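Reviewing the structure listed below.
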Amino acid sequence: MSIKRILVTGGAGFVGSHLCDRLCAQGHDVICLDNFFTSQKSNVEHLLPRRNFELIRHDVTHPLWLEVDEIYNLACPAAPGHYQYNPIKTMKTSVMGAINVLGMAKRCNAKVLQASTSEVYGDPDIHPQPETYRGNVNPIGPRACYDEGKRCAETLFFDYHRSNRVNIRVVRIFNTYGPRMHPFDGRVVSNFIRQALAGEDITIFGDGSQTRSFCYVDDLVEGIMRMMNGPDDFVGPVNLGNEGEFTIKQLAEEAIRLCGSKSKLVYRDLPADDPKQRQPDITLARKHLEWEPTIPLSEGLAKTIEWFQSINLADFRAPTPNY
Ligand code: NAD
Ligand code: UDP
């Protein structure tokens, strides 16, 4: 395998830091770029002494000038409480960030992968969601800054591909969890584990019958890397996620069981436009990437709980008040 110079934007984040780990271990020269809005250096601290790892504080909404062979574009707040905190900035990050990395890819003749999302399907009326489904997004709702920003980024990727022959890849990531999720990101897995470990009430939004399909981060990173290294005639979009579908109430019960907690379930208002169901159709990923998740929810949750038990919550600054 040839050694490449690889840029990971959002590389200090939850998914990005695991991706940097894998790429560094393979011997590539990895440039991790992040503005640390929803992360902190501690996620990649262990990589700093390595000779094949560099860390740059930069905001992807501003142009950047680097020479690289591959770009993984992950920079974007991903948790609802983070991306709704400054929705205009979220939209800028997706759109201007995409333009900046695509411009760099065009100039350097680099391959560039976009971390898109199942949110492009909005509140889906087709179940499970195949890549051909065009989605049901409310363009003026509170989630739109993220959903529409990611949809626009996909448009830019495909237009640069068609107009400028940029070598692109687009992955649509479904709910992913694991160690290094920000403990105060307000996402359901981090909230439930934090609450269960502290013996606090578990906050279920709505009646808990809405569903999500949860993918363990190692499985996801494997899928992302297979997509980057896959054939040039399969650019995506491709769904990456675990097909195991759970109600939010089931997730809460599993978190309580695995934490050995006595926490009680409490019910809160359902946020606006909260998708009722979500499950990936991963036929394409199976066919083109020979990829499918291997880690079941109970096993992934146990590893995540172990990590939450190992951290000191006081070391983490809540990026926004929305958790
Ligand atoms: P995260 O918030 O942990 O990571 C995002 C990283 O991007 C953070 O380190 C943050 O500081 C950085 N960032 C944000 N805005 C930036 C900017 N303007 N300039 C530079 N850096 C910036 O979230 P994550 O879960 O690791 O998500 C990574 C990517 O995967 C995101 O693009 C997200 O949309 C996508 N994704 C994640 C999930 C999931 O369930 N984790 C699902 C779908 C899509
Ligand atoms: N959720 C919940 N309690 C929480 C946090 C989230 O019931 O403390 C619900 C939320 O309303 C949604 C689901 O869990 O239905 C997943 O939420 P998350 O923010 O993790 O991701 P997304 O909605 O973007 O899939």
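Scanning segment 183-195 for residues that are closer than 27 Å to Q114 by Cβ and open to solvent by 10 Å² or more (accessible area, probe 1.4 Å) gives F184, G186, R187, V188.
Here's the yes/no breakdown for (1) of a type outside the set (A, V, I, L, M); (2) closer than 23 Å to M225 by Cβ:
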residue: P280; (1), (2): yes, yes
residue: T283; (1), (2): yes, yes
residue: K287; (1), (2): yes, yes
residue: E290; (1), (2): yes, yes
residue: P293; (1), (2): yes, yes
residue: S298; (1), (2): yes, no
residue: K303; (1), (2): yes, yes
residue: S310; (1), (2): yes, no
residue: L313; (1), (2): no, no
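In segment 201-240, the residue that is farthest from ligand 2 (Cβ to nearest atom) out of those that are of a type in the set (V, I, T) and open to solvent by 10 Å² or more (accessible area, probe 1.4 Å) is V235. Taking each residue of segment 39-64 that is without any contact (Cβ under 8 Å) to a residue 12 or more places away in the chain and looking for partners that are among the hydrophobic types (A, V, I, L, M, F, W, C) with beta-carbon atoms closer than 8 Å, six or more apart or interchain, yields L48/L55. Filtered by the rule that a residue be within 30 Å of D233 (Cβ to Cβ) and open to solvent by less than 40 Å² (accessible area, probe 1.4 Å), segment 287-316 gives L289, W291, P293, I295. Residues of segment 123-140 being away from ligand 2 (no atom under 16 Å from the Cβ) and either in a helix (DSSP H, G or I) or not basic (K, R) (or both), which ones? Answer for segment 123-140, where residues must be away from ligand 2 (no atom under 16 Å from the Cβ) and either in a helix (DSSP H, G or I) or not basic (K, R) (or both): D125, I126, P130, E131, T132, Y133, P139, I140. Checked against (1) without any contact (Cβ under 8 Å) to a residue 24 or more places away in the chain; (2) surrounded by 12 or more Cβ atoms within 10 Å (Cβ to Cβ), L270 passes all but condition (1).
Which of the following residues is at pLDDT 95 or above, farther than 26 Å from K92 by Cβ, away from ligand 1 (no atom under 12 Å from the Cβ) and surrounded by fewer than 23 Cβ atoms within 10 Å (Cβ to Cβ): L47, L23? Write out each step before concluding.
Working: L23 fails: surrounded by fewer than 23 Cβ atoms within 10 Å (Cβ to Cβ).
Testing whether each residue is at pLDDT 95 or above, farther than 26 Å from K92 by Cβ, away from ligand 1 (no atom under 12 Å from the Cβ) and surrounded by fewer than 23 Cβ atoms within 10 Å (Cβ to Cβ) leaves just L47.
Of the strands (runs of 3 or more DSSP E) lying entirely inside segment 154-242, the ones with 2 or more residues being more than 12 Å from ligand 1 (Cβ to nearest atom) are found at 167-173, 202-205. Here A105 passes the criteria (1) part of a loop (DSSP other than H, G, I, E, B); (2) more than 16 Å from ligand 2 (Cβ to nearest atom); (3) in contact with a strand residue (DSSP E or B) (Cβ under 9 Å, 6 or more places away or on another chain) except the one numbered (1).
Considering only residues in segment 1-10 that are farther than 17 Å from D185 by Cα and in contact with a helix residue (DSSP H, G or I) (Cβ under 7 Å, 6 or more places away or on another chain), the one that is nearest to ligand 1 (Cβ to nearest atom) turns out to be T9. Mind listing just one residue for me: the one in segment 230-252 that is within 18 Å of the chain's Cα centre (by Cα) and aliphatic (A, V, I, L, M) and, of those, nearest to Q210 (Cα to Cα)? Looking at the filtered set, the residue picked out is L240. Tell me whether segment 79-86 contains one or more residues that are within 16 Å of G11 (Cβ to Cβ), assigned to a helix (DSSP H, G or I), touching a residue at least 12 places away in the same chain (Cβ under 8 Å) and open to solvent by less than 30 Å² (accessible area, probe 1.4 Å). Within segment 79-86, none of the residues are within 16 Å of G11 (Cβ to Cβ), assigned to a helix (DSSP H, G or I), touching a residue at least 12 places away in the same chain (Cβ under 8 Å) and open to solvent by less than 30 Å² (accessible area, probe 1.4 Å).
Out of everything in segment 35-44 that is in a loop (DSSP other than H, G, I, E, B) and in contact with a strand residue (DSSP E or B) (Cβ under 9 Å, 6 or more places away or on another chain), what residue ends up being farthest from ligand 1 (Cβ to nearest atom)?
My answer is V44.
As a summary of the residue check, V120 satisfies the conditions (1) farther than 20 Å from H161 by Cα; (2) within 16 Å of ligand 2 (Cβ to nearest atom); (3) not acidic (D, E) except for the one numbered (1). Considering the conditions (1) in contact with a helix residue (DSSP H, G or I) (Cβ under 8 Å, 6 or more places away or on another chain); (2) under 28 Å from W65 (Cα atoms); (3) open to solvent by 10 Å² or more (accessible area, probe 1.4 Å), G135 is excluded by exactly one of them, (2).
The values are calculated or read from the model by the stated rules, or taken from the named source; none is laboratory data. Since the model is a prediction, treat every value here as computed from it, not as a measurement. So basically every Cβ, Gly included, is an ideal-geometry build from the backbone, and we count neighbours across all protein chains shown. Each accessible area value is taken on the protein alone, full model and side chains, heavy atoms only, with ligands, DNA and RNA left out. Shrake-Rupley method; radii C 1.70, N 1.55, O 1.52, S 1.80 Å.
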